[in-house]
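Just so you know, all these numbers are worked out from the coordinates, no wet-lab data involved. In this text, all values refer to a predicted model and were calculated from it rather than measured experimentally. As a convention, Cβ positions derive from the backbone with ideal geometry for all residues, glycine included, and neighbour counts pool all protein chains shown.
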Amino acid sequence: MRGIRREVVYPHPPERVWRALTDPAILATWLMESDIEPRVGHRFTFRTKPGPGFDGIVHCEVLEADPPRRLVYTWGGGPTKEHPTRVEWTLTPEGSGTRLLLEHSGFRGVAGFLLRTMLGRGWGHKLRDPQHFLRVLDRLATAR
């Protein structure tokens, strides 16, 4: 089954984009509350409002962490709790900005198809809508 792939270029350096992906306080402003640490082997959770068939908790484990270039972790919640999917973030410098590539893979069966559809829309909205990730990056740039 195909995965999710979203690619966006931001006018911010990789270190700032990395921070928005790995700082729990910042993640909570655009994605979900978490206790992430970009350290291989670290188990963490994302927390949000529960819904039908979902307790609101996504269980994750960091598989790769290469600051500020690459972060990979498992994603298990709701229908993927028993068979976690894989989230990969790749940051590549582009001019004075950063090309951010998200690849979310490993969806299985009918439940995986439905989840991929739902998460695909959500990831696209979070990463492309200026009210979300870009707004956070802009705030980080002016917070100094």
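Per-residue Cβ neighbour counts within 10 Å put 87, 110, 72, 9 in the sequence 110, 9, 72, 87, beginning with the fewest.
Only helices at least 24 Å long along their own axis, judged from Cα atoms, and with Kyte-Doolittle mean hydropathy of 0.0 or greater: name those in the chain from DSSP H.
Values: long enough: 109-128 (28 Å, 0.08).
Helix filter hits for the chain: 109-128.
Distance from the C-alpha centroid of the range 38-74 to that of the range 81-105: 13 Å, rounded to the whole angstrom.
Which percent, nearest 5, of DSSP beta bridges in the chain are antiparallel? Present the calculation step by step, with values, prior to reporting the outcome.
Values: 35 of 35 bridges.
Here the antiparallel bridges make up roughly 100 percent for the chain.
For the range 1-39, the set of trypsin sites (Lys or Arg not before Pro) satisfying both a DSSP loop assignment and a count of at most 13 other C-beta atoms within 10 Å is given as 2, 39. Subtracting the Cα-Cα distance of residue 49 and residue 25 from 0.36 nm times their residue separation leaves 6.9 nm of extension gain. Suppose a student asked you for the relative contact order of the range 4-142, using Cα pairs under 8 Å spaced at least 6 residues apart; what percent would you report? Here the relative contact order equals 26 percent. Computed from the alpha carbon atoms alone, the convex hull of the range 71-144 holds 109 Å³ per residue.
Count the net charge of all other residues whose Cβ sits under 15 Å from the Cβ of residue 77, scoring Lys and Arg as +1 and Asp and Glu as -1. Surrounding charge for residue 77 is +2. Computed from label points 7 Å out along Cα-Cβ, the spacing between residue 110 and residue 42 is 3.9 nm. Normalising by residue count, the range 4-142 has a Cα convex hull of 95 Å³ per residue.
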